[in-house]
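Comments concern the structure below.
The values are calculated or read from the model by the stated rules, or taken from the named source; none is laboratory data. Values in this document were obtained by computation on a predicted structure and should not be read as measured data. Quick reminder, even Gly has a Cβ in these numbers, built from the backbone with ideal geometry, and neighbours come from all protein chains shown. Side chains included, ligands, DNA and RNA excluded: accessible areas come from the protein's heavy atoms. Shrake-Rupley method; radii C 1.70, N 1.55, O 1.52, S 1.80 Å.
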Amino acid sequence: MTSMTSEGDDRIIRESGIDARIALIIQPVLRGIGFRLVRVHLSGQNGLTLQIMAEREDGTMTVEDCEEVSRAVSPALDVDDPIEKAYHLEVSSPGIDRPLVRKSDFVTWTGHLVKMETSVIVADRKRFKGKIAEAGEKDVLIERDKAAYGEEPTVRVPYDAISETRLILTDDLIRDALSKDNRARKEAKKRRGEPDDVPEGTEADATEEHEQES
């Protein structure tokens, strides 16, 4: 968590340090073109790589969307210049085994398997693996995948204690994710008055990359 939060940022899991500064710069840009930020991460991979994970409000993200986001955020990053060295910009969709960063993410993916880490000890642990049994207003109920002897089969984790949560790739998740993605794309086409030509089984993942100098 960090105090450097953008107005209108409804994420419960946010960046810190330089990542938080970058998030502050790009979030207004993303909102202005109809996208929402999932995560920002600056790593030392291939020199310096700035990874921006984003999606539309309906959860979709195409290769063309990634290109649009890249073109929109690059000028803003050039103006504010938060990264002192040259870096490689990578814009992508959250992917199927996505991180969960909003309360709505936990609601959407209730019933699916996740790995979770907390910033404080909860029920004698800081790492959990299990299904999301229930996503409430203040916390999430996890049904443990393999409860140790003496442990309760479920644990309730407050949202403000969560530092990271990611879906675990399973056959059920792949099937559900592709189904949700296809429905969202079809609904978006209907809203735009376009013909429905989205094939079943369309891959719900996309990435766009390019080099950027500071």
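Some values worked out for this structure:
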item	result
Label-reachable residues, region 98-125, where backbone N falls under 13 Å from a point 7 Å from ARG183's Cα toward its Cβ	108-110
Label-point separation, ARG102 to LYS129 (7 Å along Cα→Cβ), nm	2.9 nm
Residue (of LEU141, ALA177, THR165) at the positive-pole extreme of the chain, dipole from beta-carbon charges	LEU141
Lys/Arg +1, Asp/Glu -1 at C-beta; the chain dipole; positive extreme among ILE12, HIS88, LEU48	ILE12
Total lysine pairs whose alpha carbons fall under 28 Å of each other in the chain (8 or more apart, or interchain)	27
Contact order relative to length of the chain, as percent, for alpha carbon pairs under 8 angstrom and 6 or more apart	22 percent
Rel. contact order, % - alpha carbon contacts under 8 angstrom, at least six apart, region 42-103	50 percent
Prolate/oblate/rounded label for the chain (Cα gyration tensor, a/c 1.5)	oblate
1.4 Å probe accessible area per residue over region 1-137, in Å²	46 Å²
Peptides ranked, highest mean first, by Cβ atoms within 10 Å: ranges 54-61, 82-89, 101-108	54-61, 101-108, 82-89
Kirkwood estimate for region 25-82, i.e. one over the average of 1/r between Cα atoms, Å	11.9 Å
Cβ charges +1 (Lys, Arg) and -1 (Asp, Glu), total dipole of the chain, debye	760 debye
Gain on full stretching of the segment that runs from SER119 to ILE168 - 0.36 nm per residue minus C-alpha separation	15.6 nm
